[in-house]
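Visitor: What follows is a single structure, and I will ask about it in a moment.
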Amino acid sequence: MSVIVPASLNDALQALARSPHATLLAGGTDLMVELNGGHRQVSEVVALARVAELRTWHHDPVAGVLHIGAGVTYAEIADEPIASWVPALAQAARTVGSPQIRHAATIGGNLGTCSPAGDGLPVLAALDATVHLASAAGARDLPLAEFMVAPKRTARLPGELITGVTVPVLGGWQGYSKVGVRNAMVIAVASVALVTDTVTESVRLALGSVGPTVLRCPDAERFAREHVDFEHRRVAAEALQRFVELARDEARPIDDHRSTAAYRRHAVGVLAGRLLRRAFPNE
Ligand SMILES: Cc1cc2nc3c(=O)[nH]c(=O)nc-3n(C[C@H](O)[C@H](O)[C@H](O)COP(=O)(O)OP(=O)(O)OC[C@H]3O[C@@H](n4cnc5c(N)ncnc54)[C@H](O)[C@@H]3O)c2cc1C
């Protein structure tokens, strides 16, 4: 196996231009597990750990956005100052693996793997994140919904790498919750991100582990917008119950070795209802 360790983004893109099908290595917390388990064979690797441009983040208070480089780790995202700008993403980050995993695992790697159970992805979906891709030929941006194609399949082309992701910094309450087979070090059996925006008075809901990719819930979001009171942070019990039903209806879960479709559908309803009540604590 050949391993190239570029020291800059330009060098990484040139290496990919020479070997468009080379495998990218970030923290290795997904890739090394696959290699060690014999589930994946690779002959050429481009390791990104020394590419400083991917390891930075930038907050633009005028545009109201946060750019997070693909090489930023979940440990950094869980901490200040990122945690204050995107609290739900920080909550999701704190649920990823163990402290050791979070110090190695990157958001770019979570996107690269594109598992419907990836903890960062429901929050990025609820935030309508933009994914930035680059190759030696140029850069392009994709809405996350277009980037995620199928379970563990993305719209990334040979020769491209993910340089980062941009999310809005919103004023309203936001949160992330997941259910697994134990309380820590667990892949989500079902997960939910709920984001509110006080400017547009909108509620955005995304579900993880209950579909081929992370799912947004347009019906539940529309219903919530019409039935919550942003000024008094209020939602009636009956409206909350209907929101739960709509969230459950939008799930497309399957039975697998981790859980049943029926339990997953039930769990996303519980989590969605819990998050809406936290966002709007008054009846
Ligand atoms: C013990 C353990 C516990 C875990 N727990 C969780 C958990 O609770 N929640 C969770 O979501 N995940 C979990 N994971 C999975 C993993 O930690 C995450 O998916 C992590 O974000 C992967 O990031 P990484 O930097 O390690 O990626 P890598 O393993 O380096 O790469 C993952 C994939 O993304 C590609 N890739 C990496 N960087 C880029 C880039 N810049 N551009 C394009 N493609 C790229 C790689 O080629 C590879 O296909 C766990 C893993 C382990 C080993």
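Visitor: Gaussian network model of the chain, Cα springs within a sub-10 Å range: biggest mean-square fluctuation belongs to which of VAL51, VAL33, VAL189?
Guide: VAL33
Visitor: Suppose R0 equals 25 Å. What FRET efficiency, 1/(1 + (r/R0)^6) with r the Cβ-Cβ distance, do ARG233 and SER84 give to the nearest 0.05?
Guide: That pair, ARG233 with SER84, gives E of 0.80.
Visitor: Kirkwood Rh, Cα Rg: Rg to Rh for the chain?
Guide: That ratio is 0.98, to two decimals.
Visitor: Then there's this: What size of dipole, in debye to the nearest 20, comes out for the range 2-168 about its Cα centre when the only charges are +1 on Lys and Arg C-beta atoms and -1 on Asp and Glu C-beta atoms?
Guide: That gives a dipole near 360 debye.
Visitor: Accessible surface of TYR263 in the full protein assembly, 1.4 angstrom probe, to the nearest 10 Å²?
Guide: Counting only protein heavy atoms, TYR263 exposes about 110 Å² to solvent.
Visitor: Moving on. Could you tell me how many degrees, from 0 to 90 and to the nearest 10, lie between the Cα long axis of helix 218-227 and the main elongation axis, the longest principal axis, of the Cα atoms of the chain?
Guide: Once rounded, the angle reads 40 degrees.
Visitor: Where does helix 237-250 land angle-wise versus the long Cα axis of the chain, in degrees 0 to 90, nearest 10?
Guide: Result, in degrees: 40.
Visitor: Measuring with a 1.4 Å probe in the full set of protein chains, what accessible area per residue, in whole Å², belongs to the chain?
Guide: Per-residue accessible area for the chain comes out at 45 Å².
Visitor: Still on this structure, please answer the following. Any chance you could list the semi-axes, whole Å, largest first, of the equivalent ellipsoid that the Cα gyration tensor gives for the range 97-193, using √(5λ)?
Guide: Semi-axes, largest first: 24, 16, 13 Å.
Visitor: Here's another thing I want to ask about it. Quick one: with all protein chains in place, what share of the accessible area of the range 1-78 is carbon or sulfur, to the nearest percent (1.4 Å probe)?
Guide: The C+S portion of the solvent-accessible surface of the range 1-78 is 54 percent.
Visitor: Sort VAL169, VAL86 from largest to smallest accessible area, using a 1.4 Å probe on the heavy atoms of the protein chains.
Guide: Listed by decreasing accessible area, they come as VAL169, VAL86.
Visitor: Report the residue, chosen from PHE223, PHE243, PHE147, that carries the largest GNM mean-square fluctuation when the chain is represented by alpha-carbon nodes joined by springs under 10 Å.
Guide: PHE223
Visitor: So for the range 1-140, averaging the separation of alpha carbon pairs under 8 Å that are six or more residues apart and normalising by length, what relative contact order in percent results?
Guide: With pairs under 8 Å counted, the relative contact order is 23 percent.
Visitor: In addition: Suppose a student asked you for the relative contact order of the chain, using Cα pairs under 8 Å spaced at least 6 residues apart; what percent would you report?
Guide: 15
Visitor: A further question follows. To the nearest 500 deg cm²/dmol, what mean residue ellipticity at 222 nm is calculated for the chain from DSSP H runs of n ≥ 4 alone, each contributing -39,500 (n - 2.57), summed and divided by the residues?
Guide: After summing the helix terms and dividing by the residues of the chain, the value is -9500 deg cm²/dmol.
Visitor: Another question about this same structure. In percent, how large is the relative contact order of the range 174-279, given Cα pairs closer than 8 Å and 6 or more residues apart?
Guide: Averaging sequence separation for qualifying contacts and normalising by length gives 27 percent for the range 174-279.
Visitor: At 7 Å along the Cα-to-beta-carbon direction for both ALA184 and HIS39, put a label point, then send me their distance in nm to one decimal.
Guide: The modelled label-to-label distance comes out at 2.4 nm.
Visitor: Calculate the length of the line joining the C-alpha centroid of the range 142-169 to that of the range 188-256, in whole Å.
Guide: Result: 23 Å between the Cα centres.
Visitor: Rounded to the nearest Å, what's the spacing between the alpha carbon centres of the range 2-80 and the range 258-283? Just the number, please.
Guide: With the range 2-80 and the range 258-283 each reduced to a Cα centre, they are spaced 33 Å.
Visitor: How large is the dipole of the chain about the Cα centre if only Lys and Arg carry +1 and Asp and Glu carry -1, each at its Cβ, rounded to the nearest 20 debye?
Guide: Rounded to the nearest 20 debye, it is 640 debye.
The values are calculated or read from the model by the stated rules, or taken from the named source; none is laboratory data. Small disclaimer: the values here were computed from a predicted structure and weren't measured. A quick note on method: Cβ atoms are made from the backbone with ideal geometry, for glycine too, and the neighbour counts reach across all protein chains shown. SASA here: full protein model, heavy atoms, side chains in, ligands and nucleic acids out. Shrake-Rupley method; radii C 1.70, N 1.55, O 1.52, S 1.80 Å.
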